[in-house]
Amino acid sequence: MDSQNKLGTLWGIGVGPGPAGYLPVAALVALQQADVVFAPRARSADTSVALQCLAGIEIPPQRLRDIEFNMDPDRSVLSEHYSQLAETIALELRAGRNVAYLTIGDSLTYSTYGYMLMALRDLLPGLPHRTFPGITSYAAAAAALGWLLGEGKERTLILPCPDDVVALRSDIETHDIVVLMKVGARLPWVLDLLREMGITDNCAFAHRIGLPGELLAGATSGAGNGVGQLVATEAMGYLATLLIRKTPRERRHS
């Protein structure tokens with residue numbers, strides 16, 4: 001390539017956590033202008049959740065590229081995987097085509113797009129790119145359940161679920177609110193901890209917001225649907241978020 005300005009532009013687009021219509025207008029404009037749209041799909045899934053989030057938005061099939069992504073905990077395996085995917089996307093960018101890369105939730109919050117962006121910037125120094133923020137799963141969960149994510153001087157911690165109960169207990173005890181992501185198979189002992197601490201009534205849980213199999217628990221979800229009543233084996237899985245409040249929220253009056 002003779003000049004970097006012949007490169008296409010990369011657009012990172014956060015499509016939201018599930019409900020249709022959660023795509024920012026600026027991101028929609030970019031999506032409609034993209035020559036190629038890459039839609040990540042988990043190896044264990046038949047369809048891309050990101051495309052499900054775009055229900056009602058038509059993307060010409062010839063523009064779509066389905067890419068399988070790997071979330072192997074081995075960092076060397078993960079690095080090699082994203083290097084290979086970046087090479088595939090770089091071929092389109094080197095040809096001068098504008099590329100949109102879809103990601104669920106927000107583009108840069110525990111997202112596969114972050115790995116891809118770093119790999120592409122290493123491959124193509126000076127790559128024109130723009131990242132559009134998206135609605136996070138915890139923001140959508142809080143809105144769906146009428147659960148305040150923070151007020152006043154409350155301290156909020158956002159983290160992937162720790163691997164042991166001691167670490168999580170410490171996180172809860174040292175913060176007013178904990179947003180727990182990537183809970184997965186750890187949910188049984190996490191719920192046991194919340195029950196032991198006596199704080200389940202302060203918490204909220206959301207799984208597959210706006211998608212088939214949606215599960216909401218806590219706050220406005222209805223009587224009998226609190227976090228304390230959750231059956232872990234029925235609520236476990238990908239796309240789950242737990243909102244933990246250490247103490248009951250103080251009622252403030254004007």
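The values are calculated or read from the model by the stated rules, or taken from the named source; none is laboratory data. Note that the structure is predicted; figures quoted are calculated from it, not measured. Quick reminder, even Gly has a Cβ in these numbers, built from the backbone with ideal geometry, and neighbours come from all protein chains shown.
The table for this structure:
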read-out: Residue in the range 209-236 that is modelled with the lowest pLDDT, counting only those that are buried (at least 18 other Cβ atoms within 10 Å of the Cβ) and not in a loop (DSSP other than H, G, I, E, B); value: Ser221
read-out: The range 88-107, residues that are of a type in the set (S, T, N, Q) and surrounded by fewer than 23 Cβ atoms within 10 Å (Cβ to Cβ); value: Thr88, Asn98
read-out: When residues of the range 1-24 are limited to those that are hydrophobic (A, V, I, L, M, F, W, C) and in a loop (DSSP other than H, G, I, E, B), the one modelled with the lowest pLDDT; value: Met1
read-out: Pairs where the first residue, in the range 112-138, is more than 18 Å from Gly16 (Cβ to Cβ) and in the same structural domain as Cys53 (by TED's automatic domain parsing) and the second is in a helix (DSSP H, G or I) and of a type in the set (D, E, K, R), C-beta under 6 Å, 6+ apart; value: Leu127/Arg121
